[in-house]
1. Got a sec? Which helices (runs of 4 or more DSSP H) wholly within segment 5-80 have at least 2 residues that are in contact (Cβ under 8 Å) with a residue 40 or more places away in the chain and within 16 Å of T95 (Cβ to Cβ)?
2. Of (1) under 21 Å from R7 (Cβ atoms); (2) surrounded by 16 or more Cβ atoms within 10 Å (Cβ to Cβ), V20 satisfies all except one. Which?
3. Give me a count of the residues in segment 81-102 that are within 23 Å of D22 (Cα to Cα) and assigned to a loop (DSSP other than H, G, I, E, B).
4. Test K63 against the criterion of being out of contact with any Cys (no Cβ under 8 Å at 6 or more places or on another chain), open to solvent by 60 Å² or more (accessible area, probe 1.4 Å) and charged (D, E, K, R), and give yes or no.
5. So which of A56, A40 is modelled with pLDDT of 90 or more, among the aliphatic types (A, V, I, L, M) and open to solvent by 70 Å² or more (accessible area, probe 1.4 Å)?
6. So, in segment 66-107, how many residues would count as being modelled with pLDDT of 90 or more, over 13 Å from the mean Cα position of the chain (by Cα) and open to solvent by 60 Å² or more (accessible area, probe 1.4 Å)?
Amino acid sequence: MNANFVRLAHYPHNRLEHEVLDELGMVAISEIPMVFLREAQMTDPGMLAKSKQMIAEMIQAEKNNTCIMFWSLFIECETHLPSTREFVQEMVAFTQSIGRHPPDRDGF
């Protein structure tokens, strides 16, 4: 494809970084800081609410950046366990719904 791709670290980035990627014609994956979550965290309703808020805020902030190709929901979390399946499914469904109906200024 002769394309260049960058995986941004799992925290919010300065808009200038996105502008540079746009100017260079590079694409990126942007991530929320859901890293190394264990079963106890992924079965906590409070963690699910925080995760939804973070993905909503990230999409709201980055939805018009041409360099952003993907939004990452988890990195090296215990997503393979039956007990965490609901967390994963809820995050995927929530993120897909945001794609169809972008969040308002409050993030939801």
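1. Numbers: elements: 15-24, 39-42, 45-62.
Ranges flagged: 45-62.
2. All conditions are met except number (2).
3. Of the residues in that region, 1 qualify.
4. Spelling it out, K63 is indeed out of contact with any Cys (no Cβ under 8 Å at 6 or more places or on another chain), open to solvent by 60 Å² or more (accessible area, probe 1.4 Å) and charged (D, E, K, R).
5. None of the other options fit; the residue is A40.
6. Selection size over segment 66-107: 6.
The values are calculated or read from the model by the stated rules, or taken from the named source; none is laboratory data. All values reported here derive from a predicted model rather than from experimental measurement. Note: ideal-geometry Cβ built from the backbone for every residue, glycine included; neighbour counts use all protein chains shown. Protein only, heavy atoms only, side chains kept; ligands, DNA and RNA dropped before computing areas. Shrake-Rupley method; radii C 1.70, N 1.55, O 1.52, S 1.80 Å.
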